[in-house]
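Some notes on the structure that comes next.
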Ligand code: SF4
Ligand code: SF4
């Protein structure tokens, strides 16, 4: 039986693995937080490999779906990720670290030696860290679910879409769109704050601005963000693009660097 038919066959229990590379395990915790839905979910799937929740894991069997959280920050991460890809028919990146690099990639511009010395102050020979990069830079992912952490509703929708043979879709609108539908007072227009909502993929229902806090961009860039319009909007309010860039870097620094906008900010100089 092919994986596609195993996923959609109500008599089959697709084998699922959930894994964490370097990260905070917050996305795995969000899956556990689907308390009301978990029991019906495990009637439909078999979780065969998840060290966060069980000790009798099968580390080698083929997987119909594998979920991976975190960045590649060590050679061990890369070996683990490669092995998971080889086992999985459908591979899903969960969380902004796996999709965009997230917080661990924020300080990639500083050398590992300097970071190790500043943090540990002593013998750092035991460290084997490399520059932190999103898991999605290294292997092909079939689906990517951003968020810091992921939204429970989006995770459940994605699983149900896979089990019903349809393709899960992420919201294409920015956080700003959701913010407007909630009739929030705009943090930029009314409070002159640095808010990343116009450049960030929606799906969180504008959680932060709805609580009076500017969006920090934790879901990563929306498709085709209009950076030029944003530069103008912030400049008109006396907010430098450097400020907004630093805020965007918190969660999606590698994407930000690739966009080439750093040169626009710095004129090609290192900040
Ligand atoms: S507060 Fe932020 S997310 Fe909301 S409309 Fe203003 S810029 Fe957009
Ligand atoms: S408003 Fe922005 S920072 Fe807050 S949860 Fe949504 S994407 Fe993340």
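For Cα pairs less than 8 Å apart in space and 6+ apart in sequence, what is the mean separation divided by the residue count of the stretch 1-61, i.e. the relative contact order in percent?
Computed value for the stretch 1-61: 37 percent relative contact order.
Assuming R0 = 41 Å, what is the FRET efficiency of residue 8 and residue 53, from their Cβ-Cβ distance, to the nearest 0.05?
Numbers: r = 25 Å, r/R0 = 0.62.
E(calc), rounded to 0.05, equals 0.95.
Of all the C-alpha pairs in the chain, what % are more than 30 Å from each other? Each step should come with its number before you reach the end.
Values: 12990 of 36585 pairs.
When all Cα pairs of the chain are counted, 36 percent exceed 30 Å.
So how do 236, 89 line up by other beta-carbon neighbours within 10 Å, fewest first?
Values: 236 9, 89 17.
If I rank by nearby Cβ atoms, fewest first, I get 236, 89.
So which residue, out of 94, 150, 31, gets the largest mean-square fluctuation from a GNM of the chain using Cα contacts under 10 Å as springs?
Taking springs between Cα atoms under 10 Å, the residue moving most is 31.
Pick from 63, 115, 162: which residue has the top mean-square fluctuation in a GNM of the chain where Cα pairs under 10 Å get a spring?
In the Gaussian network model the winner is 115.
Please tell me the relative contact order of the stretch 85-236 in percent, rounded to the nearest whole number, where contacts are Cα pairs under 8 Å and at least six residues apart.
On the way: 201 pairs, mean separation 33.7, N = 152.
Contact order relative to length: 22 percent.
Compute a Gaussian network model of the chain, connecting alpha carbons closer than 10 Å, and tell me which residue from 70, 17, 220 fluctuates the most.
Result for the chain, Cα springs under 10 Å: 17 fluctuates most.
When only C-alpha pairs under 8 Å and at least 6 residues apart count, what is the relative contact order of the chain, in percent?
Relative CO of the chain lands at 17 percent.
So in the chain, what percent of DSSP beta bridges are antiparallel if you round to the nearest 5?
25 percent
What is the calculated FRET efficiency for residue 126 to residue 211, with r their C-beta to C-beta distance and R₀ = 35 Å, to the nearest 0.05? Don't skip to the end; give the middle numbers.
Working: r = 41 Å, r/R0 = 1.17.
According to the calculation, E is roughly 0.30.
What length, rounded to one decimal in nm, is gained on full extension from residue 117 through to residue 189, with 0.36 nm per residue of separation minus their alpha-carbon distance?
Numbers: separation 72, 0.36 × 72 = 25.92 nm, distance 4.22 nm.
Length gained, residue 117 through residue 189: 21.7 nm.
Which value at 222 nm does the chain reach when only helices count, each DSSP H run of 4 or more adding -39,500 (n - 2.57), with the total divided by all residues and rounded to the nearest 500 deg cm²/dmol?
Counting only the DSSP helices, I get -11000 deg cm²/dmol.
Relative to the present Cα-Cα distance, how much length would full extension add between residue 138 and residue 109 at 0.36 nm per residue of separation? List each step's numbers first, then the result.
On the way: separation 29, 0.36 × 29 = 10.44 nm, distance 1.95 nm.
Gain on stretching residue 138 to residue 109: 8.5 nm.
Please identify which residues in the stretch 128-157 have an amide N closer than 14 Å to a label point set 7 Å out from the Cα of residue 79, following the Cα→Cβ vector.
Of the residues in the stretch 128-157, 128-129 have backbone N under 14 Å from the label point off residue 79.
Ranked by Cβ crowding within 10 angstrom, fewest neighbours first, how are 218, 195, 34 ordered?
Ranked by crowding around the Cβ, least crowded first: 34, 218, 195.
Coordinate-derived values only; no laboratory data. Small disclaimer: the values here were computed from a predicted structure and weren't measured. Glycine gets a Cβ as well: all are built from the backbone with ideal geometry, and neighbour counts include every protein chain shown.
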